[in-house]
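Colleague: Quick one: the structure is below, and I'll ask about it shortly.
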Amino acid sequence: MSTEGNERLIRAKDTADRLLANIEAVVHGKAERIKLVLAVLACGGHVLFEDVPGTAKTVLARAIAGSIDDADPARVQCTPDLQPTDVTGLSVYNQQTRDFEFRPGPVFANILLVDEINRAMPKTQAALLEAMAEHQVTVDGVTHALPDPFLVMATENPIEQEGTFPLPEAQLDRFFLRTELGYPSVDEEIGIVREQRAHHPLEDLKPVASLEEVRELERAVEDVYTDELLLRWIVELVTATRELEEVALGASVRASLALERTARAWALLNGRDYVTPEDVDLLFTPVIAHRVVFTPAFVADNRLGGRDAALQRFRELVFARVPRPEPTEERELKILSGQSS
């Protein structure tokens, strides 16, 4: 790697460390989950939280935005009567100029929290597709670019399904990964209660990184090395999801792209300039599982064990079909040194 690339990685790692430490001062005990979100931010992707209410998802979005100088946060509370223009914005007639002028909606933000996304009607959900995939929106035939960076953090409640509209596969595929924050431990919750007696810790949060530093973090992901052996393994894992009889619809090519890029961002956040098999192993389920559709028979067989048991079984089936590669000593040295073959 060039000296310039190495210096950029060092600066990017420093930026990520500052962001992580600052966010952890507000969202306690969730370092790995926060790091996952920061990895997605570095990839220019988006996160879907399938979680119950009250687990600090809104606080996390505000903490990320508050940690970046001049970053604009926005929040959309999805309801069945939410219209697409409530998200994207609309053109309004100006009587003074006698012309229509565009009024941007909440999607024009750096960090956008879309709360209970599955409560919005399909046409409103679809309004986010172009924004998430292409970082732009088109209103009245005019295309408007979105800010950079642009991160969508969407939530859906896995328990209460009445009055919801399940996300179509095309939209689920736009999310780099799906995860959850979960409840804090007893000691962590006691600390949260004490901490918020007088005021919320968000009020004390100060920016620790600039927008340009976050953009450099995105560019630094390109400098992380993925060996050809691991690249082939990633693609074969995704391909295997299309061949399992337990899966009605496998993961798309977008899944291969997301898994490889997220693995590089994860390696960067962990202080490495190369991807390891452990990175791919760790990220497989959160990046891939929400992109597949299981057969009714598989869902029925795993109903008693719940979603976690079903995903674990799915993971075992895929990794049994495509076992982890065993590199030779020479190849292992090349992976660790970040060299191409």
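Colleague: So which residues in segment 241-254 are surrounded by 19 or more Cβ atoms within 10 Å (Cβ to Cβ) and outside any loop (DSSP other than H, G, I, E, B), if there are any at all?
Modeller: Result: T241, V247.
Colleague: Looking at A71, is it of a type in the set (A, V, I, L, M) and not in a helix (DSSP H, G or I)?
Modeller: yes
Colleague: I'd like to check which strands (runs of 3 or more DSSP E) are fully inside segment 117-194 and have at least 2 residues that are in contact with a helix residue (DSSP H, G or I) (Cβ under 8 Å, 6 or more places away or on another chain).
Modeller: Where strands (runs of 3 or more DSSP E) fall fully within segment 117-194 and carry at least 2 residues being in contact with a helix residue (DSSP H, G or I) (Cβ under 8 Å, 6 or more places away or on another chain), they are 136-139, 151-156, 177-179.
Colleague: Still on this structure: Which residue is surrounded by the fewest Cβ atoms within 10 Å (Cβ to Cβ), if the candidates are limited to segment 41-72 and must be over 16 Å from the mean Cα position of the chain (by Cα) and under 11 Å from F150 (Cα atoms)?
Modeller: Ranking the qualifying residues of segment 41-72, first place goes to D72.
Colleague: Any residue that is surrounded by fewer than 21 Cβ atoms within 10 Å (Cβ to Cβ), within 23 Å of S91 (Cα to Cα), of a type outside the set (S, T, Y) and at pLDDT 85 or above - is there at least one of those in segment 111-122?
Modeller: yes
Colleague: How many of the residues in segment 284-322 are of a type in the set (A, V, I, L, M), over 16 Å from A240 (Cα atoms) and either surrounded by fewer than 14 Cβ atoms within 10 Å (Cβ to Cβ) or at pLDDT 95 or above (or both)?
Modeller: Qualifying residue count for the region: 4.
Colleague: With the condition kept exactly as written, say whether any residue in segment 75-98 is charged (D, E, K, R), within 16 Å of the chain's Cα centre (by Cα) and either surrounded by 14 or more Cβ atoms within 10 Å (Cβ to Cβ) or part of a strand (DSSP E or B) (or both).
Modeller: No, the conditions are met nowhere in segment 75-98.
Colleague: Do we have E203 as modelled with pLDDT under 90, in a loop (DSSP other than H, G, I, E, B) and not small (G, A, S) here?
Modeller: Spelling it out, it is not the case that E203 is modelled with pLDDT under 90, in a loop (DSSP other than H, G, I, E, B) and not small (G, A, S).
Colleague: Working only within segment 25-55, note down all residues that are touching a Ser or Thr at 6+ places or on another chain (Cβ under 8 Å), in a loop (DSSP other than H, G, I, E, B) and under 18 Å from N110 (Cα atoms).
Modeller: Once the filter is applied, which keeps residues that are touching a Ser or Thr at 6+ places or on another chain (Cβ under 8 Å), in a loop (DSSP other than H, G, I, E, B) and under 18 Å from N110 (Cα atoms), segment 25-55 yields only G45.
Colleague: Among L230, L257, L268, which is the only one that is without any contact (Cβ under 8 Å) to a residue 24 or more places away in the chain, more than 18 Å from Q312 (Cα to Cα) and assigned to a helix (DSSP H, G or I)?
Modeller: L257
The values are calculated or read from the model by the stated rules, or taken from the named source; none is laboratory data. Everything numeric in this text was worked out from a predicted model, so none of it was measured. Methodologically, a virtual Cβ is constructed for each residue, glycine included, from the backbone with ideal geometry; neighbour enumeration extends over all protein chains shown.
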